[in-house]
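Quick notes on the structure that follows.
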Amino acid sequence: MAGSIFPPLGSCSELEKANCHPLVCLLCHEPYQHPCLLDCYHNFCASCLRGRASDGRLRCPLCGHPSVVRGGTGLPPVDRLLQFLVDSSADSEEDVQCANCDQCCTKAELDTMYFCNTCGQPLCAPCREETHRARMFARHEIVSLSKRTKDIHKKCPLHEEPYIMFSTEKKSMLCINCFRDMQGESRAHCIDIETAYMQGCQRLDQAVMAVKELQTSTREAIVLLKAMIEEVRNSASEEEAAINSLFSRMQEQLSERKKTLLKAVQSQHEEKEKAFKEQLAHLASLLPTLQVHLVTCSAFLSSANKAEFLDLGYQLMERLQRIVKLPHRLRPAQTSKINSEYRAEFARCLEPLLMLSPRRSVVGSAGGIGPGITGTNMLPSGQCSKTLMVPSCLPISDKMSTGPMVKKPTMHRYISTKVLLAEGRETPFAEHCRNYENTYRMLQAEIQSLKDQVQELHRDLTKHHSLIKSEIMSEILQKSLQMDVQIAAHYSAVEMMRSVFEEVWEETYQRVANEQEIYEAQLHDLLQLRQENSCLSTITKQIAPYVRSIAKVKERLEPR
């Protein structure tokens, strides 16, 4: 006996391997010995399941479904049906010997053997023709060997009388004494054995047809699932190929843009360095001239008398004034900052590949260009845009800074909101969307105003080299902090509405689920009524001959 627990079947090949002989245990791979039926309708030998129960529950070794076990044995009930099949299979494998001539038959000859239920003995075909054709055996019940009746099913174990009736209410066979002991209401549910057998065969055929339909549906579902597994595998391969292809193209685009940006940086570096070196050379040549004239002035003052000073002094002063008035480039002609706008360039080269729609920046210091690229280091202002390094603003809240990314972009959300409001249904969420859009537009306008002011200051600082008053910067920072507080407050107000909307959404989901359940129940009730009507028609057709025969007997007995 295999004592290890079977793991749940995880692949289609394992499911196909599980289709073994129906009378062989899946654990010990031997014919069933006292088969037990679990709640999942899987069967195992009692010895294979012994010791596996825990806290009154026994988990199926095949599918893992838990079954409730009662009693001190810790085992589920014995499957009488499977035990009958096992016993029948064992009986069919035994050697059969004719009771009259003692002739043994092989398994191939079992179909030619007969059995006398009255005598309880097997008979070969010749003995049946020679002995049991006599008049004294006329009332003996002779059937084929496979349909022999066992003693346990022939007589009632309580009264030792043969079975003659069947109770459709209790689903049990009755002898004449059992029938007499029953109450009058229960007798109405009793029919003869032959009729019960015919009705049972018909019901069994119906159950078999239902199981066959389920079997067909199961096989179709298995084929579908296999196809879907193959489709998933192909889809995963295609997705991996697409990812690799896109990643390769992104790498190529980024590599090409990287080379272009590095060339631009190198070009800016060379131009700025050349201009600074020219300016440096000019200033370096100016410094000795200034030094000579300063030494000349000092020597002239120390050595010239009054007449010589008045004669040559004004000439020296004019020379010094002309030297000072000459155009000397003392200030740098340009900044030392090299700006390639690499973030925007990388984002632009990826837009055709990722099909990114351009988004409007709400504020310059927080506008996003792409994943991981923020506008804190870039304020676009046309061709003369420069890079302005500003301290990053404080986060609105921990939840806003660390929360999940918005699933829908701003434009998609705006269009969806417009469609929702155009439907005209007055719901709490529609009213919330209407108020949200008004507040959002106001905040967006304020942020755009701040953005324009910062861009103007940035342009004056980098292009026109104008002096900026510190009061203006203080006002902008103060407004930015106020906007930060307003946005945080609005975010908190929207977040507080989550619980209200979740309750509404949950009610909607529950209502839809209830409607679907009611609809399915209606269809099920109609099918059940149709099935009951069909059963009533069948029963009426079956009992009609008995009713007519009883009526005829009653007509004969009435004159007496």
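For segment 16-91, which whole percent of the accessible surface, found with a 1.4 angstrom probe, sits on carbon and sulfur atoms?
Details: 2440 of 4520 Å².
So the carbon and sulfur contribution to the accessible surface is 54 percent.
Identify, among H293, Y342, Q315, the residue whose Cα sits farthest towards the positive end of the charge dipole of segment 277-345, taking +1 on the Cβ of Lys and Arg and -1 on the Cβ of Asp and Glu, with the dipole about the Cα centre.
Working it through, the farthest residue towards the positive pole turns out to be Y342.
Charges at C-beta only: +1 for Lys and Arg, -1 for Asp and Glu. How large is the resulting dipole of segment 135-293 about its Cα centre, in Debye rounded to 20?
Dipole magnitude for segment 135-293 comes out near 480 debye.
Under 12 Å from the Cβ of V69, count the other residues' Cβ atoms, weight Lys and Arg +1, Asp and Glu -1, and hand me the total. Before the final figure, lay out each step's value.
Working: positive: R50, R52, R57, R59, R70; negative: D39, D55.
Cβ neighbours under 12 Å give a net charge of +3.
Around L450, with a cut-off of 14 angstrom between Cβ atoms, what is the net charge of the other residues, counting Lys and Arg +1 and Asp and Glu -1?
Local charge sum for L450: -3.
What accessible area per residue comes out for segment 141-280, rounded to a whole number of Å², with a 1.4 Å probe?
77 Å²
Of all alpha-carbon pairs in segment 215-355, indicate the percentage at a distance above 24 angstrom.
The calculated P(r) of segment 215-355 puts 68 percent of pairs beyond 24 Å.
Compute the Cα gyration tensor for segment 16-91, then decide on rounded, prolate or oblate, letting a ≥ b ≥ c be the square roots of its eigenvalues: rounded whenever a/c is under 1.5, prolate when a/b is larger than b/c in the other cases, and oblate in all that remain.
oblate
Which percent of the accessible heavy-atom area of segment 215-355 goes to carbon and sulfur, probe 1.4 angstrom?
Roughly 60 percent of what the probe reaches on segment 215-355 is carbon or sulfur.
Roughly how many whole Å is it from the C-alpha centroid of segment 223-272 to that of segment 191-216?
For segment 223-272 versus segment 191-216, the Cα centre distance is 63 Å.
Taking 27 Å as the cut-off for C-alpha to C-alpha distance, list the pairs among K259/K337; K170/K552; K155/K212 that go past it.
In this structure, K170/K552; K155/K212 lie more than 27 Å apart at Cα.
Rounded to the nearest 20 Debye, what is the dipole magnitude of segment 215-355 about its Cα centre when Lys and Arg each give +1 and Asp and Glu each give -1 at the C-beta?
For this selection, approximately 720 debye.
Which one, S54, N43, P22, is farthest towards the positive end of the dipole of segment 16-91 when Lys and Arg carry +1 and Asp and Glu -1 on their Cβ?
S54
With each pseudo-label sitting 7 Å past Cα toward Cβ, what's the K226-S245 distance in nm, one decimal?
That separation, rounded to one decimal, is 3.0 nm.
Accessible area per residue, 1.4 Å probe, Å², for segment 481-552: what's the number?
With the other protein chains kept in place, segment 481-552 gives 84 Å² per residue.
Net charge around T508, counting only other residues with Cβ within less than 11 Å of its Cβ (Lys, Arg = +1; Asp, Glu = -1)?
Values: positive: R511; negative: E502, E503, E506, E507, E515.
So the environment of T508 carries a net charge of -4.
The values are calculated or read from the model by the stated rules, or taken from the named source; none is laboratory data. This is a predicted model, so every value here is computed, not measured. Please note: Cβ atoms are built from the backbone with ideal geometry, for glycine as well, and neighbour counts cover all protein chains shown. Please note that ligands, DNA and RNA were not included when accessible areas were found on the heavy atoms of the full protein model with its side chains. Shrake-Rupley method; radii C 1.70, N 1.55, O 1.52, S 1.80 Å.
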